[in-house]
1. Which one of V173, V114, V133, V149 is in contact with a Ser or Thr (Cβ under 6 Å, 6 or more places away or on another chain) and more than 21 Å from S219 (Cα to Cα)?
2. All but one of (1) under 20 Å from E345 (Cβ atoms); (2) among the hydrophobic types (A, V, I, L, M, F, W, C); (3) away from the ligand (no atom under 13 Å from the Cβ); (4) surrounded by 14 or more Cβ atoms within 10 Å (Cβ to Cβ) hold for V242, so report the exception by its number.
3. Could you count how many residues in region 218-231 are within 16 Å of the ligand (Cβ to nearest atom) and touching a helix residue (DSSP H, G or I) at 6+ places or on another chain (Cβ under 6 Å)?
4. Confirm whether F156 is assigned to a loop (DSSP other than H, G, I, E, B) and at pLDDT 95 or above.
5. Give me the pairs: first residue in region 1-16 and at pLDDT 80 or above, second residue among the hydrophobic types (A, V, I, L, M, F, W, C) and in a loop (DSSP other than H, G, I, E, B), beta-carbon distance under 8 Å, and six or more apart or on different chains, which are they?
6. Quick check: anything in region 291-313 in contact with a His (Cβ under 9 Å, 6 or more places away or on another chain) and touching a residue at least 40 places away in the same chain (Cβ under 8 Å)?
7. Can you give me the number of residues within region 161-184 that are under 18 Å from A319 (Cα atoms) and outside any loop (DSSP other than H, G, I, E, B)?
Amino acid sequence: MTSLATAHDTVLVLNSGSSSVKYQLVDPVDGTPLASGLVERIGEDTGVVTHKHDGSVTKREQPIKNHTEALEVVLALFDEVGPNLAEAHIVAVGHRVVQGADVFAGPTLIDDQVQQDIAALSPLAPLHNPPNVEGIAVGRRLLAEVPHVAVFDTSFFRTLPPAAYTYALRKDVAEKYSVRRYGAHGTSHEFVSQEAARVLGRDAAELNTIVLHLGNGASASAVRGGVAVETSMGLTPLEGLVMGTRTGDIDPAVVFHLARNAGMDIEQIDHLFNKESGIKGLSGENDFRELHKLIAAGNEDAKLALDVYIHRLRKYIGAYFAVLGHVDVIAFTAGVGENDHVVRELVLEGLEPMGIEIDPAKNEPRSGDARIISTEQSRTTVMVVPTNEELAIARQVVDVISA
Ligand code: ADP
């Protein structure tokens with residue numbers, strides 16, 4: 001496959017959430033972001049747009065009714081502060097889509113049928129696919145002259161073996177309603193596992209890697225020789241690790257208990273588990289910088305929140321050692337994983353008997369580069385590998401339009 005993209009070509013990557021649109025105009029060859037930004041609070045009284053270009057940040061506050069208005073504002077900002085889209089050689093628009101289920105094996109050129117098929121998967125990702133589809137519809141309307149490509153969060157986890165993706169739920173029900181584990185954050189897990197190998201000068205096919213994507217959403221994966229074999233997210237991104245506002249693993253009987261005894265309906269429980277729980281539910285804050293301040297001030301709730309978060313992560317690391325047999329690399333990524341040395345230290349503390357030894361002098365300094373933070377003796381190499389989902393999406397987009 002030859003790449004269509006040249007050094008001057010760009011891809012506009014869109015990540016449309018329920019009340020936000022993240023975007024980046026990126027050079028898929030060298031990864032340079034030419035502009036990036038975020039529209040927040042869509043549908044609220046005041047929306048906020050932040051547009052970054054050429055070292056300058058432009059911020060606007062204005063009502064933004066819906067995703068159409070959001071993208072119109074973004075396109076107007078490109079016109080006003082740059083870069084000029086007409087001169088940016090956009091070869092395609094890439095849309096991040098959370099749920100591709102077993103319908104989409106990889107990145108896919110979007111036509112009306114594909115758009116409908118993505119919408120049809122909404123019952124499996126009710127919080128994510130509907131806004132993703134809205135972003136696709138608006139994008140195709142306003143940027144009709146270029147191809148649009150959907151890149152799925154689930155694709156990298158299509159290789160999970162049946163033992164890992166099957167829930168022990170009555171077979172006919174599971175089949176009829178497509179209930180199984182699909183995973184999410186796959187674009188990041190794939191990028192980080194490959195990037196870790198690249199930085200080490202190794203072939204990804206030779207390495208067993210545990211990737212810990214710790215952002216506001218958080219997930220872990222076990223990757224054997226470049227192939228994903230286990231991940232912590234399930235039917236939806238709710239399963240697994242403790243997250244900014246999500247419970248992660250919780251006894252499903254808690255749903256029955258709350259429905260029967262707290263008078264909560266399914267929508268309320270869904271909201272509680274996804275938006276009001278996790279670190280925020282335990283401490284009142286979901287940003288780890290604030291969490292650490294609360295802990296330093298002696299706040300017991302914040303301390304417990306961090307303890308629960310770390311404990312869950314350690315359980316997953318232990319489990320993935322058992323899944324993989326041996327682990328060459330543990331790679332931390334995303335907002336918390338890349339920036340929070342305290343979390344990294346606590347997660348791996350006392351695991352020297354498993355062959356994991358962090359070097360504090362390498363772990364503590366801040367850096368935006370991929371780097372090793374373990375000692376020379378550590379059998380497992382521990383790394384911090386900044387994720388770059390926009391670049392990973394842009395590259396998949398170029399693969400599709402070049403095929
Ligand atoms: P997402 O893409 O899931 O929204 P990110 O990967 O951008 O999230 O991570 C955002 C989170 O990263 C923030 O909520 C915050 O908890 C954490 N974070 C960002 N910077 C730092 C930092 N310097 N120290 C600790 N945590 C940080």
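The values are calculated or read from the model by the stated rules, or taken from the named source; none is laboratory data. Quantities reported herein were computed from a predicted structural model and do not represent experimental measurements. Methodologically, a virtual Cβ is constructed for each residue, glycine included, from the backbone with ideal geometry; neighbour enumeration extends over all protein chains shown.
1. Exactly one residue qualifies, and that residue is V114.
2. Of the numbered conditions (1) under 20 Å from E345 (Cβ atoms); (2) among the hydrophobic types (A, V, I, L, M, F, W, C); (3) away from the ligand (no atom under 13 Å from the Cβ); (4) surrounded by 14 or more Cβ atoms within 10 Å (Cβ to Cβ), the odd one out for V242 is (3).
3. 3
4. On the way: assigned to a loop (DSSP other than H, G, I, E, B): no; at pLDDT 95 or above: yes.
So F156 fails the test.
5. If the second residue must be among the hydrophobic types (A, V, I, L, M, F, W, C) and in a loop (DSSP other than H, G, I, E, B), the pairs left are D9/V29; T10/A88; V11/A5; L12/L143.
6. yes
7. So the answer is 4.
Here's the yes/no breakdown for (1) of a type outside the set (A, V, I, L, M); (2) more than 22 Å from T247 (Cα to Cα):
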| site | (1), (2) |
| --- | --- |
| Y320 | yes, no |
| L324 | no, yes |
| A334 | no, no |
| D359 | yes, yes |
| P365 | yes, yes |
| V382 | no, yes |
| E390 | yes, yes |
